[in-house]
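Asks: Input: one structure, supplied below.
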Amino acid sequence: MVNTAALKDFLNAQLPNAVEMLRQMVGINSFTANRDGVNRLGKFTAECFVPLGFTAETVPAANREFGDHLMLTRRGRSAKNIAMLSHLDTVFPPEEEAQNNFHWQPEGDRIYGPGTQDIKGGTAMMWLVLAAFRARAPKVFEEITWKLFWNSAEERFSPDFGEVCRSRFDRDTLAALVFEAEGRLGEEHLLVLARKGRASWRVSVAGRGAHAGGKHNHGANAIVQLGHAIQRIAALTDYSRQLTFNVGTITGGTVLNRVPHEAVAEGEFRAFTPEVCAQAKAALLALAGPGEVRSPADRFACEVKVELVSESRPWPRNPGTDRLFGFWKQAGEELGIPTGCEERGGLSDGNLIWDAVPTLDGLGPWGDNDHCSERSADGSKLPEFVEVGTFVPKALLNTVAILKVTQDSSFK
Ligand SMILES: [Zn+2]
């Protein structure tokens with residue numbers, strides 16, 4: 001087993017290099033729609049890992065408006081391989097960064113800046129862990145084939161990235177490790193073992209327009225009908241099954257002297273298991289058909305149309321993930337780092353791959369306020385930050401746990 005004191009010393013010594021790497025990454029705007037910026041970050045990321053012996057490959061995203069996915073591989077002596085995942089993109093357009101003066105800004109143990117926590121800090125964590133393997137566990141480092149993947153459009157949930165990963169996994173892939181930020185509960189470091197699936201939907205009502213003064217009773221009011229439909233949709237939320245429906249937007253009508261002939265609402269629903277997702281979908285689709293709002297003149301009925309716009313499957317709790325988490329739990333006990341787990345409502349690339357390879361998420365450092373770029377004078381609004389002090393303990397935990405994965409012959 002590795003000498004953990006020496007490993008910790010090594011990580012402490014390397015931390016400034018990891019932070020400098022992160023500083024340069026945060027300095028490159030990689031908003032999902034900023035194709036050039038994402039590709040520039042991909043190139044810089046590849047350069048960071050080349051000294052560790054990695055070679056780069058890029059794959060165009062299915063949506064050509066996005067940058068390229070990045071893959072780095074280091075062939076080991078054995079076919080046993082470990083996959084690590086991160087993403088290149090952030091949610092902040094360059095104009096927003098400029099407007100909010102949101103940039104690399106160290107303050108005590110925190111560093112504020114776009115992507116510090118989600119997820120460039122996770123990429124820096126990957127580098128720290130691999131550098132530690134090379135220096136302190138060189139035999140295992142040389143034996144394992146390391147496959148690193150960066151999604152160019154994770155924040156827009158680019159499903160083709162799942163195929164990019166899955167086509168490169170094989171039966172010797174021991175684990176897929178996702179470096180999104182960790183959760184916290186008091187002192188406990190929380191890893192992510194499940195994530196909700198999400199579907200977005202659109203409900204459109206076709207009514208019948210009429211003059212609101214002269215022929216009011218001829219109209220079938222699409223907005224009134226949609227009002228009924230969205231009440232039913234909101235009532236589908238069932239916290240006891242961790243199913244949530246959100247009506248996100250609503251539009252309808254044109255001018256005030258018309259009975260409106262159309263109205264549209266859009267939203268999403270989320271749940272942890274395929275069964276609950278399937279039931280939610282069925283209940284939503286059942287709302288389609290003639291509505292109860294009719295014109296008094298001739299009983300003309302509003303028509304309700306329901307469309308599923310996008311569907312991302314859930315990542316439910318499963319034995320492969322639970323077993324993988326066991327190595328982190330055990331490593332945490334040995335190192336005196338309290339390690340727990342959580343199930344998250346937000347999606348990650350873990351949703352795309354968990355059923356192909358045992359997958360664990362939340363391996364990045366800790367930070368907070370992801371997806372926020374604003375800072376208010378009274379401090380009630382703070383932008384995204386990462387806590388620098390969380391890098392070394394988490395890198396130590398990750399390194400020792402990954403060693404356990406590689407040394408457990410029964411694993412998989
Ligand atoms: Zn992320």
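Asks: Identify all residues within segment 370-391 that are open to solvent by 10 Å² or more (accessible area, probe 1.4 Å) and either among the hydrophobic types (A, V, I, L, M, F, W, C) or under 30 Å from Asp322 (Cβ atoms) (or both); write none if there are none.
Replies: Initial filter on segment 370-391 (open to solvent by 10 Å² or more (accessible area, probe 1.4 Å)): 370-372, 374-382, 387-389.
Of everything in segment 370-391, those that are open to solvent by 10 Å² or more (accessible area, probe 1.4 Å) and either among the hydrophobic types (A, V, I, L, M, F, W, C) or under 30 Å from Asp322 (Cβ atoms) (or both) turn out to be Asp370, His371, Cys372, Ala377, Leu382, Glu387, Val388, Gly389.
Asks: Can you tell me which condition Arg168 does not meet? The list is (1) in contact with a Pro (Cβ under 7 Å, 6 or more places away or on another chain); (2) in a loop (DSSP other than H, G, I, E, B), and all the others hold.
Replies: (1)
Asks: Would you call Ile144 buried (at least 23 other Cβ atoms within 10 Å of the Cβ), in contact (Cβ under 8 Å) with a residue 40 or more places away in the chain, more than 12 Å from the ligand (Cβ to nearest atom) and among the β-branched types (Val, Ile, Thr)?
Replies: Working: buried (at least 23 other Cβ atoms within 10 Å of the Cβ): yes; in contact (Cβ under 8 Å) with a residue 40 or more places away in the chain: yes; more than 12 Å from the ligand (Cβ to nearest atom): yes; among the β-branched types (Val, Ile, Thr): yes.
Yes, satisfied.
Let's see how each residue does on (1) touching a Phe, Trp or Tyr at 6+ places or on another chain (Cβ under 9 Å); (2) in contact (Cβ under 8 Å) with a residue 60 or more places away in the chain; (3) closer than 30 Å to Leu403 by Cα:
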{"residue": "Val264", "(1), (2), (3)": "no, yes, no"}
{"residue": "Gly267", "(1), (2), (3)": "yes, yes, no"}
{"residue": "Glu292", "(1), (2), (3)": "no, yes, no"}
{"residue": "Glu311", "(1), (2), (3)": "no, yes, no"}
{"residue": "Pro314", "(1), (2), (3)": "yes, yes, yes"}
{"residue": "Ile337", "(1), (2), (3)": "no, yes, yes"}
{"residue": "Gly340", "(1), (2), (3)": "no, yes, yes"}
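Asks: If I ask for residues that are closer than 30 Å to Gly345 by Cβ and among the β-branched types (Val, Ile, Thr), which ones from segment 209-252 would you list?
Replies: Ile230, Ile233, Thr237, Thr244, Val247, Thr249, Ile250, Thr251
Per-residue answers, yes or no, for (1) open to solvent by 30 Å² or more (accessible area, probe 1.4 Å); (2) closer than 24 Å to Trp150 by Cβ:
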residue	(1), (2)
Thr73	yes, yes
Ala79	yes, yes
Asp89	no, yes
Asn100	yes, no
Glu107	yes, no
Arg110	yes, no
Thr116	no, yes
Ile119	no, yes
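Asks: Then there is this: Take the residues in segment 369-380 that are farther than 20 Å from Leu85 by Cα and not small (Gly, Ala, Ser); name whichever of them is farthest from the ligand (Cβ to nearest atom).
Replies: Only one residue fits best here, namely Asp378.
Asks: Here's something else I'd like to know. Counting just the residues of segment 326-353 that are open to solvent by less than 50 Å² (accessible area, probe 1.4 Å), in contact with a Ser or Thr (Cβ under 8 Å, 6 or more places away or on another chain) and more than 16 Å from the ligand (Cβ to nearest atom), which one comes out farthest from His87 (Cα to Cα)?
Replies: This residue is Leu335.
Asks: Can I ask one more? Just to check your reading of the model, which residue among Glu182, Glu154, Glu188 is within 17 Å of Trp354 (Cβ to Cβ) and either away from the ligand (no atom under 16 Å from the Cβ) or crowded, with 24+ Cβ neighbours inside 10 Å (or both)? Explain how you work it out, then say what you get.
Replies: Details: Glu182 fails: within 17 Å of Trp354 (Cβ to Cβ); Glu188 fails: within 17 Å of Trp354 (Cβ to Cβ).
The unique qualifying residue is Glu154.
Asks: Only one of (1) within 30 Å of Cys341 (Cα to Cα); (2) in a strand (DSSP E or B); (3) open to solvent by less than 80 Å² (accessible area, probe 1.4 Å); (4) in contact with a Lys or Arg (Cβ under 9 Å, 6 or more places away or on another chain) fails for Ser200. Which number is that?
Replies: (4)
Asks: For Pro383, state whether it is in a loop (DSSP other than H, G, I, E, B) and closer than 15 Å to Ser86 by Cα.
Replies: Details: in a loop (DSSP other than H, G, I, E, B): yes; closer than 15 Å to Ser86 by Cα: no.
For Pro383, the condition - in a loop (DSSP other than H, G, I, E, B) and closer than 15 Å to Ser86 by Cα - is not met.
Asks: Taking Ala206, is it away from the ligand (no atom under 16 Å from the Cβ), open to solvent by less than 30 Å² (accessible area, probe 1.4 Å) and in contact (Cβ under 8 Å) with a residue 40 or more places away in the chain?
Replies: no
Asks: Follow-up. Could you check, for segment 59-67, whether at least one of its residues is open to solvent by 40 Å² or more (accessible area, probe 1.4 Å), assigned to a strand (DSSP E or B) and without any contact (Cβ under 8 Å) to a residue 24 or more places away in the chain?
Replies: Within segment 59-67 (the criterion being open to solvent by 40 Å² or more (accessible area, probe 1.4 Å), assigned to a strand (DSSP E or B) and without any contact (Cβ under 8 Å) to a residue 24 or more places away in the chain), the answer is yes, since at least one residue qualifies.
Asks: Of all residues in segment 70-114, count the ones that are over 25 Å from Glu163 (Cβ atoms), within 16 Å of the ligand (Cβ to nearest atom) and either β-branched (Val, Ile, Thr) or in contact with a helix residue (DSSP H, G or I) (Cβ under 7 Å, 6 or more places away or on another chain) (or both).
Replies: Qualifying residue count for the region: 2.
The values are calculated or read from the model by the stated rules, or taken from the named source; none is laboratory data. Source: prediction; values computed, not measured. Ideal geometry is used to build each Cβ from the backbone, glycine not excepted, and the neighbour counts take in all protein chains shown. The area values use the complete protein model at the heavy-atom level, side chains included, leaving out ligands, DNA and RNA. Shrake-Rupley method; radii C 1.70, N 1.55, O 1.52, S 1.80 Å.
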